[in-house]
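In what follows, a single structure is set out as structure tokens and then discussed.
The values are calculated or read from the model by the stated rules, or taken from the named source; none is laboratory data. Owing to the predicted nature of the structure, the values given are computational and were not obtained by experimental measurement. Methodologically, a virtual Cβ is constructed for each residue, glycine included, from the backbone with ideal geometry; neighbour enumeration extends over all protein chains shown.
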């Protein structure tokens, strides 16, 4: 009974904090061109329509600035925050209870517009908070975190804990009102139980507070505060909370210039967590992990193959983007990949040994760059055969920033494979060209997907399809239906795409949307950096770092 009463008091305390913070948020009106501020959680100014793929690829003459917003921490960010604030519980704490983050229309799991707190999420945060608080206040741990708890268990000792760890969790000093509220709560619970139990539930309240769960990008007078800028840098480029040293530098004005922010962004991206963030960013943009759920009943041991395919693409992107500093052109046209022994045997080339991934030059006609990766080709195919539609959509959505049209309520199935009688291309053309409604959509991406037809459903090259010649010619059209690229085969497709400025513009826009968590529904937030990438001044990793120089990084309107 006592525990349930205390838990109820904690929830009330957290709701009080949320209401007070919501009141502050409501007074900040978004600009008239937006419908509200994404990811506001409690008390936002309305609902923002999430940024679309079409707007992500648009270029503008000058950079815009997005609206103020609260960004709920992702599963990874909340995990890293608690781990950094309480490293002492690493051995006993099992990690956050949060489920997988939801995916935005852009395919990203860090978009503020979808990172809302549902009833289930609230329960998961509460469960996490209780786990952490139990570990922190354990008899074997608390003395190392709060020495005074071993001797003087009084209000001053509780206040020391509240001030020290509240500031770390909130990424800013607590206000006098917050300090008083948490102190009063601790005293109330301690009077009915013990110092440690009261400290546990006080910590639960802090871990559930919007100030801990959300990243504040509200600012003051149109500019983010120094603490908000520190958090923006640390979370955007390492998915982690700002260190005490980084906060101190921000408070001293060290990041007032764009150059200083970019320098810090580079340093953060160079850390293990920064490298992990880059990996996650490109994995979600390219969608190559989709192959993890692919099944190929006719391929013995395919589960091991698909795991190696994911690792292959991750290593390939890391080498091109981070190690070599390559741009979109290099990512699309690199002639090498990285294979372990499983893939060398499976593909039939390369000399990978054991689980080590080593560089291998692709054989002639095996394609080049990202689009020739086994994870991309296999993850966008069916178990019984290739799919020009799915493969064409990869380019259509992720390289041209087009939105996949909604299918009709009833979709006719493609004619089943007939090995030796018809090719995949012939089956798709007959099914989609014979229906004017289907053709009106598929005409935009099936012709792109035909360029992949020399690769089967498991990502291996085929000179013919069950003895029938393969026609891998195709074309890409713009929004007006004008052909902007014609090609024959995957290598020609990738090489042609690498030369189209709209491809680089799409990639840069989507990566900016990732770093800015959707930007509150705004696009064109980093035009100077995008121009540098488009002109070849720097590669993709440097481009990501230079997003810290954008006006949106320190301003809101």
Of the candidates 95, 107, the one satisfying the condition of being in a loop (DSSP other than H, G, I, E, B), farther than 19 Å from residue 209 by Cβ and free of Cβ contacts under 8 Å to residues at least 24 places away in the same chain is 95
Filtering segment 512-546 down to residues that are crowded, with 21+ Cβ neighbours inside 10 Å and either touching a strand residue (DSSP E or B) at 6+ places or on another chain (Cβ under 6 Å) or free of Cβ contacts under 8 Å to residues at least 12 places away in the same chain (or both) yields 517, 520
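Here are 392, 367, 350, 379: which of them is modelled with pLDDT of 95 or more and more than 26 Å from the chain's Cα centre (by Cα)?
Working: 392 fails: more than 26 Å from the chain's Cα centre (by Cα); 350 fails: modelled with pLDDT of 95 or more; 379 fails: more than 26 Å from the chain's Cα centre (by Cα).
After applying the criteria, what remains is 367.
Report, by residue number, each residue of segment 352-365 that is assigned to a loop (DSSP other than H, G, I, E, B) and touching a residue at least 12 places away in the same chain (Cβ under 8 Å). It would help to see each step written out before you state the result.
Of segment 352-365, the ones assigned to a loop (DSSP other than H, G, I, E, B) are 352-357, 362-365.
Listed by number, the residues that qualify are 352, 353, 354, 355, 356, 357, 362, 363, 365.
Return yes or no: is residue 486 surrounded by fewer than 24 Cβ atoms within 10 Å (Cβ to Cβ) and assigned to a helix (DSSP H, G or I)? I'd like the intermediate steps shown before the answer.
Values: surrounded by fewer than 24 Cβ atoms within 10 Å (Cβ to Cβ): yes; assigned to a helix (DSSP H, G or I): no.
No.
Considering every residue within segment 325-332, establish whether at least one is surrounded by fewer than 16 Cβ atoms within 10 Å (Cβ to Cβ), within 23 Å of the chain's Cα centre (by Cα) and at positive phi. Before the answer, list the steps.
Within segment 325-332, the subset surrounded by fewer than 16 Cβ atoms within 10 Å (Cβ to Cβ) is 325.
Of the ones still in play, those that are also within 23 Å of the chain's Cα centre (by Cα) are 325.
From what is left, the residues that are at positive phi are 325.
Yes, segment 325-332 has at least one match.
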Report task. Return yes or no: is residue 100 modelled with pLDDT of 95 or more, surrounded by fewer than 14 Cβ atoms within 10 Å (Cβ to Cβ) and either within 23 Å of residue 278 (Cβ to Cβ) or not assigned by TED's automatic domain parsing to the domain that holds residue 196 (or both)? Result -> yes
The condition of being touching a helix residue (DSSP H, G or I) at 6+ places or on another chain (Cβ under 7 Å) and over 19 Å from residue 510 (Cβ atoms) holds, among 252, 292, only for 292
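Here's the yes/no breakdown for (1) surrounded by fewer than 18 Cβ atoms within 10 Å (Cβ to Cβ); (2) under 15 Å from the mean Cα position of the chain (by Cα); (3) within 23 Å of residue 331 (Cβ to Cβ):
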site	(1), (2), (3)
247	no, no, no
253	yes, no, no
256	yes, no, no
266	yes, no, yes
276	yes, yes, yes
286	no, yes, yes
295	yes, no, no
298	yes, no, no
Scanning segment 123-156 for residues that are free of Cβ contacts under 8 Å to residues at least 24 places away in the same chain, out of contact with any helix residue (DSSP H, G or I) (no Cβ under 6 Å at 6 or more places or on another chain) and part of a helix (DSSP H, G or I), the one farthest from residue 80 (Cα to Cα) turns out to be 156
Among 509, 451, the single one that is touching a helix residue (DSSP H, G or I) at 6+ places or on another chain (Cβ under 7 Å), crowded, with 24+ Cβ neighbours inside 10 Å, touching a residue at least 24 places away in the same chain (Cβ under 8 Å) and more than 30 Å from residue 300 (Cα to Cα) is 509
Q. Taking the stated definitions as given, is residue 282 over 22 Å from residue 539 (Cβ atoms) and buried (at least 18 other Cβ atoms within 10 Å of the Cβ)?
A. no
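Taking the condition over 26 Å from residue 72 (Cβ atoms) and surrounded by 18 or more Cβ atoms within 10 Å (Cβ to Cβ), does residue 126 pass? Don't jump to the end; show me each part of the working.
Details: over 26 Å from residue 72 (Cβ atoms): no; surrounded by 18 or more Cβ atoms within 10 Å (Cβ to Cβ): yes.
Criteria not met by residue 126.
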Flagged in segment 65-77 as touching a helix residue (DSSP H, G or I) at 6+ places or on another chain (Cβ under 7 Å) and part of a helix (DSSP H, G or I), in numbering order, are 77
